[in-house]
Amino acid sequence: MAKIFAIESSCDETACAIINDKLEIESSVVTSQIDVHSRFGGVIPEVASRMHIEQISVMVKEGLNNQKVEDMDAIAYTIGPGLIGSLHIGAAAAKTLAFFYNKPLIGVHHLRGHIFVNELIEPLTYPLLALVVSGGHTELVYMRDEDSFEILGTTQDDAIGEAYDKVARILNLEYPGGPKIDKLSKLGKPHYQLPTPKVDGYNFSFSGLKNACLQLEQRLKRNGEELIGEDLAYAFQEVALHHLLDKTLKVMNDYEVKHVLIAGGVACNSRLRELMSENIKDAKLTLPPLKYCTDNATMIGVAAFKEFNRQRFVSLDASSMPSMPIDK
Ligand code: KG4
Ligand code: ZN
């Protein structure tokens, strides 16, 4: 049975896992730096790299879980996209293991990991549409088969998670703001009117919506009126998530889509999951469990098998790619 040892370090989680070719998770460990970054209101790249350096050896040891590197058939790591310093630490660890134990090395695209982890839930059916929503990405990825990736739509400014985090700051909520807005909005009522983003095609835009939240807060302050946080959270979330849903439905109207899935940190959002369940009618829908939405190494291992099965390996001098396109 083939086994892959996988490492993820693209942002602020250091993670390792062992996956076998039956897609069984033999081990999976994740450590998050979120408590440190929340003090700064967002991920500080230099701090993230240093914390990866502190964590990586411990995570490799724990991730191996008493198994031997000699028994692995390949070493996989996130080659991009992500923070360059963070990517380098995972790459250095993976390359050291691959060199020392003479194992093939697999460079995995982070977003392919977010997509393919859904195979742990159910088989993927093509053509497939993935709505990838995280702190750094907002993408509609169309896949005719498991080796074809077409970005039909992307954000023209802020990523959806970034917009959540910025609006959370207006509401004095700590980073990461997404989960807090998700919770707060459940107490909110339709009260504030915010503009629906207008963007061509299947693309997204969130900066106008974020600015509208800021302007509303400033106007109320000037007038000596109280801002009702729950109601702003509600209004922002409804507009932002309907924007995601509308573009997803637009693709489904124009393309053949047999399977829809959501992926990335914002896929944890309870209202997004509700909206998708209510509105995706003509295709299979996968809503991954929350532990597979946030960054982990299991997803890198699952995506690595796609490369392994095609014998697509990278060399020890492969460069990490902070803005790697998904079709590369
Ligand atoms: O995928 P992820 O863990 O990291 C990367 O950006 O790659 O995503 C983190 C983002 C943050 O912006 C966070 O606020 C957002 O996902 N997020 C959420 C929720 N949980 C996490 N946004 C909305 N609702 C949530 N429940
Ligand atoms: Zn991610």
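The values are calculated or read from the model by the stated rules, or taken from the named source; none is laboratory data. Bear in mind the structure is a predicted one, so any value in this text is a computation, not a measurement. A quick note on method: Cβ atoms are made from the backbone with ideal geometry, for glycine too, and the neighbour counts reach across all protein chains shown.
Before moving on, here are some points about what is shown:
- Within segment 209-261, tally of residues that are touching a helix residue (DSSP H, G or I) at 6+ places or on another chain (Cβ under 6 Å) and outside any helix (DSSP H, G or I): 2
- Segment 99-121, residues that are within 19 Å of residue 268 (Cβ to Cβ) and out of contact with any helix residue (DSSP H, G or I) (no Cβ under 7 Å at 6 or more places or on another chain): 110, 111, 115, 118, 121
- The set of residues in segment 149-165 being closer than 19 Å to residue 83 by Cα and either touching a Lys or Arg at 6+ places or on another chain (Cβ under 7 Å) or near ligand 1 (Cβ under 8 Å from one of its atoms) (or both) consists of 158, 159, 160, 161, 162, 163, 165.
- Residue pairs whose Cβ atoms lie under 7 Å apart, separated by 6 or more positions or on different chains, with the first residue in segment 262-290 and over 11 Å from residue 182 (Cα atoms) and the second of a type in the set (Ser, Thr, Tyr) and assigned to a loop (DSSP other than H, G, I, E, B), are 264/134; 265/134; 265/294; 284/125.
- Residue list for segment 180-207, restricted to those being small (Gly, Ala, Ser), more than 16 Å from ligand 1 (Cβ to nearest atom) and crowded, with 19+ Cβ neighbours inside 10 Å: none
- When we screen 17, 6, 48 for residues that are modelled with pLDDT under 95, outside any loop (DSSP other than H, G, I, E, B) and either aliphatic (A, V, I, L, M) or out of contact with any Asp or Glu (no Cβ under 8 Å at 6 or more places or on another chain) (or both), the only hit is 48.
- When every residue of segment 19-28 is checked against the conditions, none turns out to be free of Cβ contacts under 8 Å to residues at least 12 places away in the same chain, within 20 Å of the chain's Cα centre (by Cα) and more than 13 Å from ligand 1 (Cβ to nearest atom).
- Each residue in segment 149-171 was checked for being among the hydroxyl-bearing types (Ser, Thr, Tyr) and either more than 16 Å from ligand 2 (Cβ to nearest atom) or not in a strand (DSSP E or B) (or both), and 1 pass.
- The listed residues are 34, 44, and the only one of them that is within 16 Å of ligand 1 (Cβ to nearest atom), within 22 Å of the chain's Cα centre (by Cα) and more than 17 Å from residue 88 (Cα to Cα) turns out to be 34.
- Candidates are the residues of segment 102-148 that are of a type in the set (Ser, Thr, Tyr) and within 16 Å of ligand 2 (Cβ to nearest atom); the one that is surrounded by the most Cβ atoms within 10 Å (Cβ to Cβ) is 138.
- Residue list for segment 217-267, filter: among the acidic types (Asp, Glu) and away from ligand 1 (no atom under 14 Å from the Cβ): 217, 225, 226, 230, 231, 246, 254, 256
- Matching residues, segment 51-71, being in a helix (DSSP H, G or I) and in contact (Cβ under 8 Å) with a residue 40 or more places away in the chain: 52, 55, 56, 59, 60, 62, 63, 64, 69, 71
- For residue 303, the test of being within 13 Å of ligand 1 (Cβ to nearest atom), touching a helix residue (DSSP H, G or I) at 6+ places or on another chain (Cβ under 6 Å), among the small types (Gly, Ala, Ser) and not in a strand (DSSP E or B) is failed.
- The conditions of being touching a His at 6+ places or on another chain (Cβ under 8 Å) and either among the hydrophobic types (A, V, I, L, M, F, W, C) or closer than 23 Å to residue 13 by Cα (or both) are not met by residue 276.
- Residue satisfying all of: in segment 265-300; among the β-branched types (Val, Ile, Thr) and within 14 Å of ligand 2 (Cβ to nearest atom); nearest to residue 132 (Cα to Cα) among these: 266
- For segment 72-86, a residue qualifies if it is assigned to a loop (DSSP other than H, G, I, E, B) and within 19 Å of residue 320 (Cα to Cα), and the qualifying residues are 81, 82, 83.
- Contact map, segment 165-192: residues that are more than 16 Å from residue 265 (Cβ to Cβ) paired with residues that are β-branched (Val, Ile, Thr) and more than 16 Å from ligand 2 (Cβ to nearest atom), Cβ distance under 7 Å, separation 6+ or inter-chain. Pairs shown: 191/228.
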